[in-house]
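Scroll down for the structure; my scribbles are underneath it.
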Amino acid sequence: MESLTGRLLVAAPALKDPNFDRTVVMLVAHEDDGALGVVLNRATEVPVGEVLDGWDGLAIEPGVLFEGGPVQPDSAICLARTRPEAPMPPGFQQVSGAVGTVDLSADPAALIGALVGIRVFAGYSGWSAGQVEEEIAEGSWFVLDALPGDPLAGRPDDLWPMVLRRQGGMLAAVAHFPADPAAN
């Protein structure tokens, strides 16, 4: 099995689960026993500083919590992007290139010079062994390469069509697929 860690799962219009309608999920782990990711384009209105003291200064705009997925919504996963040439900061676990997870029990002040920014996700998206591969084979997800800026996109609501458009060809046409009003 080829690991999909660091890649994007982009919801196909055929995916009817309202938890994932028009979502872009970054897989932060994909192993034989399952996969774990966070939805990159579901911002809430809750400022990061309201739930995590000291982390709001590192949160990139919009500086709010994101809905990472339907699993354990009371837990948090933090994605960050390191600065070029900066050493790997303490508590940083690389996912792909300069993007990784950050241990939220770390001191945020110690990370300021090492990170471009962070995004905090409440909950996550999880799949048991073989489940994500099955969903991909059924056509529920497009598996696409992530760009370093995707996890911290300035306009997360536009991420789904943006990722599809940059693929070109038929995938670019999918970006114009009408939204299902019943899913929202």
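The values are calculated or read from the model by the stated rules, or taken from the named source; none is laboratory data. Predicted, not measured: the structure shown is a model, and the values here were computed from it. We place every Cβ from the backbone using ideal geometry, glycine too, and count neighbours over all the protein chains shown. Surface areas here come from the heavy atoms of the whole protein model, side chains and all, with no ligands, DNA or RNA. Shrake-Rupley method; radii C 1.70, N 1.55, O 1.52, S 1.80 Å.
Could you go through the range 12-18 in sequence order and give the Karplus-derived ³J(HN,Hα) for each residue, using 6.51 cos²θ - 1.76 cosθ + 1.60 with θ = phi - 60°, rounded to whole Hz, and x for Gly and Pro?
7, x, 6, 6, 9, 6, x
Hey, any idea what % of the range 34-126's accessible area is carbon plus sulfur with a 1.4 Å probe? Before the final figure, lay out each step's value.
Details: 2200 of 4340 Å².
So the carbon and sulfur contribution to the accessible surface is 51 percent.
In deg cm²/dmol and to the nearest 500, what is the mean residue ellipticity at 222 nm of the chain if only DSSP H runs of at least 4 residues count, each as -39500 (n - 2.57), divided by the residue total?
On the way: 4 runs with 24 residues, N = 184.
-3000 deg cm²/dmol, from helical runs alone.
So what are the ³J(HN,Hα) numbers for the range 122-138, from phi and the Karplus equation (6.51, -1.76, 1.60; θ = phi - 60°), rounded to whole Hz, Gly and Pro as x?
8, x, 8, 10, x, 9, 6, 3, x, 5, 5, 5, 5, 5, 5, 4, 6
For the range 23-103, report the translational diffusion coefficient in µm²/s to the nearest whole number, using Stokes-Einstein at 20 °C, 1.002 mPa s, and a Kirkwood Rh over Cα pairs. Before the final figure, lay out each step's value.
On the way: Rh = 13.8 Å.
Here the translational diffusion coefficient equals 156 µm²/s.
Using only the Cα atoms of the range 1-65, each taken as one equal point scatterer with no solvent, compute I(q) by the Debye sum, divide by I(0), and report log10 of the ratio at q = 0.24 Å⁻¹.
-1.00
Pull up all non-local amide H partners of VAL28: gap of 5 or more, or a different chain, and H-to-H distance under 5 Å with H placed in the peptide plane.
Hits under the 5 Å cutoff: GLY6, LEU36, GLY37, VAL38.
What residues have an amide H closer than 5 Å to that of ALA146, excluding those fewer than 5 places away on the same chain, when H is modeled at 1.01 Å from N in the peptide plane?
LEU8
Modelling each spin label as a point 7 Å along the Cα-to-Cβ direction, I'd like the GLU85/ASP145 distance in nm, to one decimal.
Between GLU85 and ASP145, the label points sit 2.6 nm apart.
Starting from the amide H of VAL116, placed 1.01 Å from N in the peptide plane, find each other amide H under 5 Å away whose residue is 5 or more places distant or on another chain.
ARG81, THR82, ARG83
Which entry in (i) 1.00; (ii) 0.95; (iii) 1.33 is this structure's computed Cα Rg over 2.2 N^0.38 Å?
Entry (i).
If you plug each phi of the range 93-109 into the Karplus form 6.51 cos²θ - 1.76 cosθ + 1.60 with θ = phi - 60°, what whole-Hz ³J(HN,Hα) values come out, in order, with x for Gly and Pro?
Ordered by residue, 3J(HN,Hα) equals 10, 4, 9, 7, x, 8, 9, x, 9, 10, 6, 6, 8, 6, 7, x, 4 Hz.
Kindly give the semi-axes, whole Å and largest first, of the ellipsoid equivalent to the range 48-148, taking each as the square root of 5 times a Cα gyration tensor eigenvalue. Please list the in-between numbers first.
Values: eigenvalues 142, 58, 26 Å².
Working from the Cα gyration tensor, I get semi-axes of 27, 17, 11 Å.
Would you mind calculating the gained length between VAL71 and ILE112 on full extension (0.36 nm times residue separation, minus the Cα-Cα distance), in nm to one decimal? Walk me through the numbers before you get to the answer.
Values: separation 41, 0.36 × 41 = 14.76 nm, distance 2.94 nm.
Net length gain for the segment: 11.8 nm.
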